[in-house]
Amino acid sequence: MRKLAAGNWKMNGTQSDLAQITQIGAAFDAASVDILICPPAQLLIPAVTASPHVAIGAQDCHANASGAHTGDLSAPQIRDTGATYVIVGHSERRTDHGETDATVNAKAAAAVDAGLIAIICIGETLQDRDNGATLNVLAQQLTGSVPALATAQNTVIAYEPVWAIGTGLIPTLDQIAQAHAFIREHLTAQLGATAADMRLLYGGSVKGSNAADIFAVPHVDGALVGGASLTAQDFAPIITALQNA
């Protein structure tokens, strides 16, 4: 499988920032890994043409293909922009918008039906971690959030400990290894043989200085990066580390 360096710009970026995508594409025009940027919705169409070497994805989609849902984007509409991925179930969506595993499952299924690759986010809170409930939480989220039609070709799983996102905190390498091994095992039981090639990303305070160590962990097939993906200068070392992993 080709590993994946994915950047989630969240609610950041205007048209002037598209130059960062162009710079990344120029620096990694022969990359041995897949590179993805998920900008805010208003940049989807121009971002698609910013570089032929960088895939573009959305940060969310609605579970319905169309309808009276003011302010939402459907998976077919995202596909119509030329984007090829969509993030679903990010902890900020789960927390800020009350999204449940069932909601995430429906969105992921809609994404796959529209021909997009769904990046399904899972992860425990610090309270879950402190209570020793991490693996139980991951099992519940995987069972509830990953649709039956998920395959290695149409789905990516991103493990993002909620307490590590944007905080500068990060699990130990052993904790990352435990989580990713568990996710692989659980997905195999849930989906069968396709889970062996499904890409598992780590996300949460990934930066150039720690990327190589994280990518050396078994079953870590890339990263979902937040703040460090906003500039080519910060994202490039992460992509390089992934290529060298």
### Message
Within region 57-78, does at least one residue satisfy the condition of being buried (at least 18 other Cβ atoms within 10 Å of the Cβ), acidic (D, E) and touching a strand residue (DSSP E or B) at 6+ places or on another chain (Cβ under 8 Å)?
### Response
yes
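Somewhere in region 184-197, is a residue crowded, with 21+ Cβ neighbours inside 10 Å, within 20 Å of T125 (Cβ to Cβ) and either basic (K, R) or out of contact with any Lys or Arg (no Cβ under 6 Å at 6 or more places or on another chain) (or both)? Before you say what the answer is, go through the steps one by one.
Narrowing region 184-197 to residues crowded, with 21+ Cβ neighbours inside 10 Å: 187, 195.
Filter once more, so that each one left must be within 20 Å of T125 (Cβ to Cβ): none.
Checked region 184-197: no residue is crowded, with 21+ Cβ neighbours inside 10 Å, within 20 Å of T125 (Cβ to Cβ) and either basic (K, R) or out of contact with any Lys or Arg (no Cβ under 6 Å at 6 or more places or on another chain) (or both).
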### Task
Look through region 1-23, keep the residues that are assigned to a loop (DSSP other than H, G, I, E, B) and not aromatic (F, W, Y), and return whichever of them is modelled with the lowest pLDDT.
M1
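Could you tell me which residue of region 155-183 is farthest from D113 (Cα to Cα), considering only residues that are in a loop (DSSP other than H, G, I, E, B) and under 16 Å from the mean Cα position of the chain (by Cα)? Write out each step before concluding.
Going through region 155-183, the residues in a loop (DSSP other than H, G, I, E, B) turn out to be 160-161, 165-172.
Cutting the leftovers down to under 16 Å from the mean Cα position of the chain (by Cα) gives us 160-161, 165-166.
Values: E160: 25, P161: 28, I165: 29, G166: 32 Å.
Filtering region 155-183 for residues that are in a loop (DSSP other than H, G, I, E, B) and under 16 Å from the mean Cα position of the chain (by Cα), the one farthest from D113 (Cα to Cα) comes out as G166.
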## Note on the structure
Residues in region 78-96 that are without any contact (Cβ under 8 Å) to a residue 12 or more places away in the chain and farther than 19 Å from A158 by Cα total 1
### Query
In region 84-110, what residues are more than 14 Å from S145 (Cβ to Cβ), crowded, with 18+ Cβ neighbours inside 10 Å and hydroxyl-bearing (S, T, Y)?
Y85
### Message
Step by step: first the residues of region 28-53, then only those that are part of a helix (DSSP H, G or I) and surrounded by fewer than 21 Cβ atoms within 10 Å (Cβ to Cβ), then the one that is nearest to the chain's Cα centre (by Cα). Which residue is that?
### Response
A41
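Could you check how many residues of region 101-154 are among the small types (G, A, S), over 21 Å from A189 (Cβ atoms) and assigned to a helix (DSSP H, G or I)? Show your work before the answer.
Taking region 101-154 and keeping what is among the small types (G, A, S), we get 102, 106, 108-111, 114-115, 118, 123, 132-133, 139, 144-145, 148, 150, 152.
Next, from what is left, pick out any that are over 21 Å from A189 (Cβ atoms): 106, 110-111, 114-115, 132.
Those left that are additionally assigned to a helix (DSSP H, G or I): 106, 110-111.
Residues meeting the conditions: 3.
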### Verdict on V217 being without any contact (Cβ under 8 Å) to a residue 60 or more places away in the chain, outside any helix (DSSP H, G or I) and under 18 Å from V54 (Cβ atoms)
no
### Task
Only residues that are surrounded by fewer than 20 Cβ atoms within 10 Å (Cβ to Cβ), in contact (Cβ under 8 Å) with a residue 12 or more places away in the chain and on the phi > 0 side of the Ramachandran plot: list them for region 111-134, please.
G115
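The values are calculated or read from the model by the stated rules, or taken from the named source; none is laboratory data. Quick caveat, the model's predicted, so the values are computed rather than measured. Ideal geometry is used to build each Cβ from the backbone, glycine not excepted, and the neighbour counts take in all protein chains shown.
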